[in-house]
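For reference, the structure is listed below as structure tokens.
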Amino acid sequence: MIFLIVDESEIKKTRYFNILVVLITDTYKIYVLDFIGISDTPKPDGNLVCSYIDVCVERFEIKKENILLVNSDTASYMIKASSLMKKTYTNIFHVTCLAHLIHNCALKVKGSFIAVDNCIASIAALTIKNKTRAALLYEIGFSPCIILTRWSSWLKAALYYCKNLLIV
């Protein structure tokens, strides 16, 4: 069984496209065949992703029917690539990363509680700009810092304000 982990990243304004090729021969042996990193790539789309995967498959002389799984994030171009690949790679199954799935679920929860989100944002803005209010919060502990890419940070802030709203 062969599977691919596909991701795109940007480091110091250079875009990279990465493909990790993994071969599993049985339940006890897993081999990482190679890690392909392509730098200075154009903005990716579904066709570009498919072409990179095709290059990878040709490089390792992998039979297309042996690729069973592709793991990627939920970017629209990755979803498009997976539907394009299903036409060529007959046995392929596309899954998205569990961390991305949890992040999207957390965003859905946040989107369902707009009043709570507005309250958190308002209190954060008031305490950041006012040193007196910030000093009062020092006694009960500051609220968790909300980081948009960390799915649990908003939930932690919501729980903090649920517990301490009357004090704040």
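The values are calculated or read from the model by the stated rules, or taken from the named source; none is laboratory data. Not measured: the values here are computed from a predicted model. Here the Cβ is made from the backbone with ideal geometry for all residues, glycine too, and neighbour counts use every protein chain on show.
Of all the numbered requirements in (1) at pLDDT 80 or above; (2) assigned by TED's automatic domain parsing to the domain that holds Leu155; (3) surrounded by 13 or more Cβ atoms within 10 Å (Cβ to Cβ), Arg59 misses one, and that requirement is (2).
Selection of the range 77-121 for residues being assigned by TED's automatic domain parsing to the domain that holds Asp45, among the charged types (D, E, K, R) and either buried (at least 17 other Cβ atoms within 10 Å of the Cβ) or in contact with an Asp or Glu (Cβ under 9 Å, 6 or more places away or on another chain) (or both) yields only Lys80. Checking each residue in the range 76-129 for being of a type in the set (Phe, Trp, Tyr) and not in a helix (DSSP H, G or I) picks out Tyr89, Phe93, Phe113.
Residues that are part of a helix (DSSP H, G or I) and either under 21 Å from the mean Cα position of the chain (by Cα) or over 15 Å from Lys80 (Cβ atoms) (or both) within the range 39-53 comprise Gly46, Asn47, Leu48, Val49, Cys50, Tyr52, Ile53, listed in sequence order.
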